[in-house]
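**Q** This is the structure, below, for whatever I ask next.
The values are calculated or read from the model by the stated rules, or taken from the named source; none is laboratory data. This one's a predicted model, so the numbers in the text were calculated from it and none came from an experiment. Note that each Cβ is placed from the backbone with ideal geometry, even for glycine, and that neighbours are counted across all protein chains shown. Quick note on the areas: whole protein, heavy atoms, side chains included, nothing else; ligands and nucleic acids left out. Shrake-Rupley method; radii C 1.70, N 1.55, O 1.52, S 1.80 Å.
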Amino acid sequence: IAPSKTRRLSIEKLKMKPYSFLAALCLGEIFATSSETLLMPFFPGEAASREVNSTTVGIIMASFAMVPLFLNPFVGERLGRWNKKRCILFGMFLQTTSCLLFTFCYYITDHWSFIIYSLLLRTFGGFSILIGFNACYALGSDY
């Protein structure tokens, strides 16, 4: 059996101008990030119904920004060796997964389980933003 010839999709074969591709990429990242942001106005009310105080809610919300702050040097250093296009797709996949899993907070009724689950998923969401945005910026600088 002869192996089938597959075509590889590349930016050059898309017949798009680099600025059009960059604009589409940035638009995709904006929509991915807005999906993370749209969940947050509802979180304090859900946390209050599980008797989580406002300081803990603030720590959970801040964990989303703290992960990129501390891991950015590590990821930025290695991004030159990684495939940027795959990192963007991987970051968007992680963002989607994070958003979908975060919606299950509604079903957790235990106080500590809610805090731990929320903190882990916000941290995971921050890591996904870090991977996706850094790769997007690095790919944009190539053009």
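**Q** Just to verify a number: what accessible area does GLU51 come out at with the full protein assembly present, 1.4 Å probe, Å² rounded to tens?
**A** Probe radius 1.4 Å; accessible area of GLU51 about 150 Å².
**Q** With label points built 7 Å along Cα→Cβ from the Cα atoms of LEU69 and THR55, find their separation and express it in nm.
**A** Label at LEU69, label at THR55, 1.8 nm between them.
**Q** For the stretch 78-124, what does the alpha-carbon gyration tensor say about shape, rounded, prolate or oblate, given a ≥ b ≥ c as the root eigenvalues, a/c under 1.5 as rounded, and a/b over b/c as prolate?
**A** Values: a/c = 7.49, a/b = 2.65, b/c = 2.83.
It is oblate, given that a/c is not under 1.5 and a/b is not larger than b/c.
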